[in-house]
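This report refers to the structure that appears directly beneath it.
Coordinate-derived values only; no laboratory data. This is a predicted model, so every value here is computed, not measured. Neighbour counts run over all protein chains shown; Cβ positions are idealised from the backbone, glycine included.
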Amino acid sequence: MQSPESTSVGLRTPIALELKNLRKEFHVHRGKTIIKAVDGISFSLKRGEILGLVGESGCGKTTTGKLVMRLLKPSSGSILVDGEDTTAESANSKESDFAYRRRVQMIFQDPYASMNPHFKIRDVLEEPLLIHRVGETKEERTEMISAVMGKVKMTPVEEYLDRHPHMLSGGQRQRIATARTLILRPEIIVADEPVSMIDLSTRAEILQLMKTIQQEMELSFIYITHDISTARYFTDRIAVMYLGRIVEIGTQDEVIDDPKHPYTKALIQAVCEPVSGRVGLMRELDIKGEIPSAANIPSGCRFHPRCPYATKDCAEQAEPELMDVGGGHQHACRRWKEI
Amino acid sequence: MSETTNTVDPVLQVKDLRLHYFTSKGAVKALDGVSFDLMPGEALGLVGESGCGKTTTGVALLNMPSPPGRIVGGSIIIDGIEIVGMSERDLRRTVRWSKISMVFQGAMNCLTPVYTIRKLMVETWKEHAPDASFNAAAIEERMLKYTRRMGLPDHVLGRYPHELSGGMKQRVVIAMALFLEPRLIIMDEPTTALDVIVQAQILNLIKELKRDLKLSYIFITHDLATEAEVADRIMVMYAGKMAELGMSEQIFATPEAPAAPLATSGSQAGHGSPEPLTSAAGHGSPATKQSRGPLHPYTQKLLASTPLLRKKVSELAFIPGSPPDLIAPPPGCRFAPRCPFARSKCNETEPPVVEIEPRHLVACWKAMEDPAYAVS
């Protein structure tokens, strides 16, 4: 397979992707309402790292993924790939989008909706090659398709090539969706809830497969999910988002075993899990209500109306910035020492 | 009510229920002889992978199979009345919603967008209330009783579905299933589309309903961890059959001790070796235990593939392969092709359902023949 990055390998920086104070606002109702879907987030993704973006619906995690994919244009802030600002004016063209998407690919949530039902698996996988003009001849492309299907363990290849997507199970479809993103040999993959529609019994299998491939190909991965449990097993670091901002970020063990922000604590408390010999473990949650609208973000710390520990300061003073508690574990709670 | 279950009649008795989907390729045996009952005030959990027959069981209990499905055998007795073979008109007038109601999967996204919640509920009343009399004040009172019960503000009745959040819509849907006061409610994945925090809130609410209203319900989900919260008994289904049915305590017991300390009970459970579950069988004497724990290898595998958040295991387990084709299911145990313990007998003869300890039914040759066999 042709490897576009093999020539530039020496030039690659250790940081694959960097987001700097990224914002995305949507103006609705003829501009009367401003929805701040992403409200100033910054993080960097190391090469070969998996970062989990975790949070409830409406926290801005999918918008962030779309911004990274350049499916949306940021309102302000910048996205750096390999140290190069891709949001600059000069990079704003169809051609640069085209080149960009070869390096950054996305795995979508719904493997049932993300494939053309009229396509055979062969066509699904060939389409990106045709669009990006990779592979001179049909034979060459078929070889690439076989190789990538081997990678996602869809063998024997001949058995699947002529099938339509509806003839595959959810897990198989998500393997094909993964193969489709890999076939262009991207550097960064944005996976938006890639396993949420897949049975619990095969979820781990797909995640393990993705991780093996990620390590083999040294891919940098953004894993967007509402499921903090799979994030624990799949990611290297977790960023917890609430209402357009990151409220806590650190390695998966730091964030889950030693959460600092009350929202992270609530997310962990809300997860049901089977514990041998015990049933009915769940208690009443400390936090109340639902995530507010991004059109009406609360003053002060944006979590204070739901926070069981909130004081007057939390509501009135400026929003706390992320602070480091050592080793890159950061959180945005001013009362973290007391709670 | 639940203390006197021995003298009370069950609200639901299902015997040898069979429902097939007649497709052009042949009959898909989606439900192939399922039997269970439910006592008043009891909560039964139905678990299994997609396509194992959970939702099919739910709609069969309303005698409402989606075409080309048809109930081809067995009996469903709700509150003493046989509903298999009943006319569609009688089912609508006397059974659905007044005796048994269902919260369908994704129902919260299927509310008619041009109706207010009040109008939606009144329509339900008109369609299903046993006495067709229409007393606006009485209905209003009943609607408020149950929307309040679900923790919704009164003004919700005047709202349209798009004005409500996902959590609120799910509460509305449950209130709609409750407000004709049926004997039994089926909830099909009522929390899976919701965020964890909202999910936890709804689960707590369902537990409250059970405690306060002595509600009987069947809770369908693919997630065993949720069942541990809401179910008294758990039925594990595989490929249209019952694999295991037991009290939640039995399903979640460990062979070593009923309430083993966290550190020892799970460290082996999710190991990535080819037979991740056998490691725990080696140690721990099964003689001292109170319950044998989950006995069907499928249940054990399902438990092991649930990711544990708070207690990290080295690697997550999964079940290789996929469920069998139900047009021509395997002749023996349906799980045998994916089962790490399968022997020739498992491939040839179907295991019967046996009560292996009080109130704990299993259909597995290994569990039946090997008394020392018990794995956490």
- Long-range amide H partners of A:Gly52 with built H, under 5 Å: A:Tyr223, A:Asp236, A:Arg237, A:Ile238, A:Ala239
- Query: List the aspartates and glutamates whose alpha-carbon lies under 14 Å from that of B:Lys207, not counting same-chain residues fewer than 8 positions away?
  - Reply: A:Glu284, B:Glu42, B:Glu227, B:Glu229, B:Asp232
- Item | For B:Arg159, distant residues with modelled amide H under 5 Å away | B:Ile117, B:Arg118
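Under a Cβ-Cβ cut-off of 12 Å, what is the net charge of the residues other than B:Leu120 that fall near it, where Lys and Arg count +1 and Asp and Glu count -1?
+3
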- Message: Can you show me the helix-derived [θ] at 222 nm for chain A, built from DSSP H runs with n ≥ 4 at -39,500 (n - 2.57) apiece and divided by the number of residues, rounded to the nearest 500.
- Response: -9000 deg cm²/dmol
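Can you sort A:Glu193, A:Glu143, A:Glu248 by how many other beta carbons sit within 10 Å, fewest first? List each step's numbers first, then the result.
Working: A:Glu193 20, A:Glu143 13, A:Glu248 28.
Final ranking by Cβ density, sparse to dense: A:Glu143, A:Glu193, A:Glu248.
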- How big is chain B by Rg and Dmax over its Cα atoms, in Å? 21.6, 66
- Message: If a paramagnetic tag sat 7 Å from the Cα of A:Lys73 along the Cα-Cβ line, which residues of the stretch A:91-108 would have the backbone N under 15 Å from that point?
- Response: A:91-98
- Quick one: give the max-minus-min coordinate of the C-alpha atoms of the protein assembly as shown along each principal axis, largest first, in Å. 78, 64, 53
- Message: Less than 10 Å Cβ to Cβ from B:Ser322, Lys/Arg counted +1 and Asp/Glu -1: what total charge do the surrounding residues give?
- Response: -2
- Considering every Cα-Cα pair within the stretch A:14-83, what fraction, in whole percent, is farther apart than 14 Å? 61
- Message: Cut-off is 10 Å between beta-carbons; in what order do A:Asp236, B:Asp131, B:Asp154 appear when sorted fewest neighbours first?
- Response: B:Asp131, B:Asp154, A:Asp236
- Note on the structure: Rounded to two decimals, the Rg over Rh value of the stretch B:286-348 from Cα coordinates and the Kirkwood Rh reads 1.06
- Message: Over 15 Å apart: what share of the alpha carbon pairs of the stretch B:1-80 falls there, rounded to a whole percent?
- Response: 59
- Summarise the long-distance tail of P(r) for the stretch A:228-305 by giving the % of C-alpha pairs beyond 20 Å. 41
- Message: What whole-number distance in Å separates the alpha-carbon centres of the stretch A:149-213 and the stretch A:282-298?
- Response: 35
- Amide H neighbours of B:Val84 under 5 Å, counting only residues 5+ apart in sequence or on other chains, H built in-plane at 1.01 Å? B:Ile76
- Under the rule of -39500 (n - 2.57) per DSSP H run of 4 or more residues, summed and divided by the residues of chain B, what mean residue ellipticity at 222 nm is obtained, to the nearest 500 deg cm²/dmol? -7500 deg cm²/dmol
- Rounded if a/c is under 1.5, else prolate if a/b beats b/c, else oblate: with a ≥ b ≥ c from the C-alpha gyration tensor eigenvalues square-rooted, which is the stretch A:81-189? prolate
- Roughly how many whole Å is it from the C-alpha centroid of the stretch B:79-122 to that of the stretch A:61-88? 48
- Would you please calculate the Kirkwood hydrodynamic radius of the stretch A:206-263 over all C-alpha pairs and express it in Å, rounded to one decimal? 12.3
- Other residues with Cβ under 10 Å from the Cβ of B:Pro331 give, with Lys and Arg +1 and Asp and Glu -1, a net charge of -1
- Quick one: what do you get for the stretch A:13-264 if you divide its Cα Rg by 2.2 N^0.38 Å? 1.02
